[in-house]
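The values are calculated or read from the model by the stated rules, or taken from the named source; none is laboratory data. Computed from a prediction, not measured in an experiment: that's the story for all the values here. Because the Cβ atoms are built from the backbone with ideal geometry, glycine has one as well, and the counts that use them run over all protein chains shown.
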Amino acid sequence: MDMLKITGGTPLYGIVPISGSKNATLPAMCATLLTNEPVTLENVPWLSDTQFMGKILANLGTNCAKDMENADKYTYHTQVITNSVAPYDLVRQMRASYYVLGPLLARNGAATVSMPGGCVIGARPVDMHVDSLKQMGADINIQNGYIVANAEHGLHGAELNFKTPSVGATCNVLMAATLANGQTIINNAAREPEIVDLANMLNSMGAKVSGAGESVVQIEGVKKLTGTTHKIIADRIEAGSYAVAAAITRGKLELKNADAGTLGLPLDILHKSGVDIQSTQNTIVVDARGRELKGQDIITAGYPGFPTDLQAQFMALMTTAKGDSTITENIFENRLMHAPELMRMGAHIDKNTPNSAVVQGVEKLDGCIVTASDLRAGFALVLMGLAAQGDTFVRHLYHLERGYVDLVGKLSNVDAKISRVKEK
Ligand code: UD1
């Protein structure tokens with residue numbers, strides 16, 4: 001297995017191009033199932049997760065064609081759904097595969113999707129997905145670990161009250177409701193920019209979605225959706241991660257094709273900690289050269305709150321800032337697992353409660369061998385390695401490949417000393 005070798009201590013300097021959003025692409029790929037016409041997606045990030053979603057779609061009957069001239073452009077065409085089963089072997093490898101449930105049910109009237117199961121950051125149940133589709137007329141049973149859903153006579157609109165603003169449940173219902181009979185209202189919907197992107201794509205296919213990005217979303221069902229060409233938004237989590245890379249190495253990075261508008265709170269916190277941030281319409285410049293950073297408290301919440309997907313990276317940064325920072329994780333019940341790995345590199349972290357920790361900034365971090373427990377925790381370890389003295393080896397590189405396009409190339413271009421090496 002490969003791991004990353006990072007020799008720390010060099011301030012990063014230069015330009016990092018930000019890729020299309022992984023979390024916007026995954027539902028967008030599934031939304032292509034809603035029509036029998038071709039749908040072209042632009043700005044698709046080439047990642048193991050998006051390649052994997054391609055496999056799931058191909059298994060359902062989608063023809064996926066890569067554009068010859070443009071490496072991040074793909075056309076998906078599902079003339080006929082030839083199979084409505086997403087098996088365990090595929091779903092267990094990527095949770096977001098259950099996004100096919102809503103579109104399959106809406107277009108095909110039937111879907112059998114393996115239950116995704118828990119994951120390392122928490123139990124991550126799918127009760128809201130199932131209950132919502134039931135309220136929209138689907139007959140759903142859990143059999144042998146599978147969600148077996150039927151809606152022979154189609155889905156109908158319903159008013160849904162979400163107990164929590166789930167991103168995945170909002171996406172699934174949004175897609176299912178586009179072809180349902182009548183109006184669907186989601187109260188307490190997730191407000192993430194990826195939801196807005198999905199709604200924009202669906203509307204360009206002829207759907208009638210309004211209110212995306214707000215807590216109440218309304219969808220008027222239509223009879224048919226058509227093909228479209230849609231450009232995926234920039235990856236705000238990738239941009240936020242590289243912003244922290246500039247800050248933790250006390251360097252300066254220009255993040256090209258990034259959208260500062262989707263990173264309000266994380267950029268505010270960086271600014272408060274002492275980093276200079278300048279942004280234009282599609283560029284963010286993060287300058288931490290010669291700065292002494294001050295610790296900041298972080299509390300994760302649904303958008304526009306602080307994203308849980310940047311919590312680990314900011315915890316890494318706070319290990320190098322002066323004073324105490326309290327980090328509170330409110331979205332997932334087990335998402336502070338990176339703390340012990342950070343401590344192996346010299347960080348001072350006290351766990352207050354199961355979901356909060358106090359980070360006390362230290363003068364110096366030391367490189368060592370560390371193991372990534374998930375995608376974002378993996379990037380936090382890369383950040384620690386960039387800031388530490390000596391060599392750091394990050395194991396379980398496959399987590400990082402799920403969500404960071406050309407990580408080694410992008411970091412090497414801005415002076416990082418990073419390479420892939422074989423684990424002995
Ligand atoms: C998505 C993102 C993930 C991000 C998360 C929160 C994708 C592919 N993944 O995951 O990167 O960390 O949003 O921003 O976009 N919940 C239930 N019942 C449900 C569904 C969710 O109780 O049926 C709970 C979860 O356990 C969790 C909370 O709701 O505590 C939020 O989860 P959710 O927003 O659904 O996360 P995902 O869509 O899985």
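Structural remarks
- Tally, over the stretch 261-309, of residues that are assigned to a loop (DSSP other than H, G, I, E, B), away from the ligand (no atom under 16 Å from the Cβ) and not β-branched (Val, Ile, Thr): 12
- Residue pairs whose Cβ atoms lie under 7 Å apart, separated by 6 or more positions or on different chains, with the first residue in the stretch 223-238 and farther than 21 Å from Ala177 by Cβ and touching a residue at least 60 places away in the same chain (Cβ under 8 Å) and the second among the aliphatic types (A, V, I, L, M) and assigned to a strand (DSSP E or B), are Ile232/Leu41.
- For the condition hydrophobic (A, V, I, L, M, F, W, C) and touching a Gly at 6+ places or on another chain (Cβ under 6 Å), Val44 qualifies.
For every residue, the table says whether it meets (1) under 30 Å from Gly20 (Cβ atoms); (2) in contact with a Gly (Cβ under 7 Å, 6 or more places away or on another chain).
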site: Met343; (1), (2): no, no
site: Ile349; (1), (2): no, no
site: Lys364; (1), (2): no, yes
site: Arg376; (1), (2): yes, no
site: Ser419; (1), (2): yes, no
site: Lys422; (1), (2): no, no
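- Any hit, the stretch 356-367, residues being acidic (Asp, Glu), part of a strand (DSSP E or B), out of contact with any Phe, Trp or Tyr (no Cβ under 9 Å at 6 or more places or on another chain) and modelled with pLDDT of 95 or more: yes
- Taking the stretch 313-335 as the range and being farther than 15 Å from Gln360 by Cβ, buried (at least 19 other Cβ atoms within 10 Å of the Cβ) and touching an Asp or Glu at 6+ places or on another chain (Cβ under 8 Å) as the test, only Arg335 passes.
- Boolean, Leu342 is buried (at least 18 other Cβ atoms within 10 Å of the Cβ), over 15 Å from the mean Cα position of the chain (by Cα) and not small (Gly, Ala, Ser): yes
Okay, residues lined up against (1) in contact with a Cys (Cβ under 8 Å, 6 or more places away or on another chain); (2) within 14 Å of Glu341 (Cβ to Cβ); (3) in a helix (DSSP H, G or I):
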{"position": "Gly385", "(1), (2), (3)": "no, yes, yes"}
{"position": "Phe393", "(1), (2), (3)": "yes, yes, no"}
{"position": "His399", "(1), (2), (3)": "no, yes, yes"}
{"position": "Gly403", "(1), (2), (3)": "no, no, no"}
{"position": "Leu411", "(1), (2), (3)": "no, no, yes"}
{"position": "Asp415", "(1), (2), (3)": "no, no, no"}
{"position": "Arg420", "(1), (2), (3)": "no, no, no"}
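- Among the residues of the stretch 319-370, the ones that are in contact with a Ser or Thr (Cβ under 8 Å, 6 or more places away or on another chain) and among the charged types (D, E, K, R) come to 3 in all.
- Of the residues making up the stretch 188-237, those that are part of a loop (DSSP other than H, G, I, E, B) and within 15 Å of the ligand (Cβ to nearest atom) are Asn188, Ala189, Ala190, Arg191, Glu192, Gly213, Ser215, Ile232, Ile233, Asp235.
- Restricting the stretch 132-153 to residues that are at pLDDT 95 or above and outside any strand (DSSP E or B), the residue that is nearest to the ligand (Cβ to nearest atom) is Ser132.
- Options Arg92, Arg124; residue that is closer than 17 Å to Gly168 by Cα, touching a Lys or Arg at 6+ places or on another chain (Cβ under 8 Å) and basic (Lys, Arg): Arg124
The rows are residues; the columns are (1) within 30 Å of Leu26 (Cα to Cα); (2) acidic (Asp, Glu); (3) surrounded by fewer than 18 Cβ atoms within 10 Å (Cβ to Cβ).
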site: Glu363; (1), (2), (3): no, yes, yes
site: Ala372; (1), (2), (3): yes, no, no
site: Gly378; (1), (2), (3): yes, no, no
site: Val394; (1), (2), (3): yes, no, no
site: Asp406; (1), (2), (3): yes, yes, yes
site: Gly409; (1), (2), (3): yes, no, yes
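- All positions within the stretch 317-336 that are away from the ligand (no atom under 11 Å from the Cβ) and either within 19 Å of the chain's Cα centre (by Cα) or hydroxyl-bearing (Ser, Thr, Tyr) (or both): Thr319, Thr320, Ser325, Thr326, Thr328, Leu336
- Taken over the stretch 361-379, the criterion of being more than 16 Å from the ligand (Cβ to nearest atom) and among the basic types (Lys, Arg) is satisfied by Lys364 alone.
- Neighbours by Cβ (under 9 Å, 6+ apart or cross-chain): first from the stretch 147-170, at negative phi and of a type in the set (D, E, K, R); second within 16 Å of the ligand (Cβ to nearest atom) and outside any loop (DSSP other than H, G, I, E, B): Glu159/Gln135; Glu159/Ile186; Glu159/Asn187; Lys163/Asp127; Lys163/Met128
- Residue count, the stretch 238-260 (criterion: assigned to a loop (DSSP other than H, G, I, E, B) and either more than 9 Å from Val286 (Cβ to Cβ) or at pLDDT below 95 (or both)): 5
- Only residues that are touching a helix residue (DSSP H, G or I) at 6+ places or on another chain (Cβ under 6 Å), closer than 23 Å to Met128 by Cα and not hydrophobic (A, V, I, L, M, F, W, C) were counted across the stretch 174-232, and they come to 7.
- Every condition in (1) within 14 Å of the ligand (Cβ to nearest atom); (2) among the polar types (S, T, N, Q); (3) surrounded by 16 or more Cβ atoms within 10 Å (Cβ to Cβ) holds for Thr164 except the one numbered (3).
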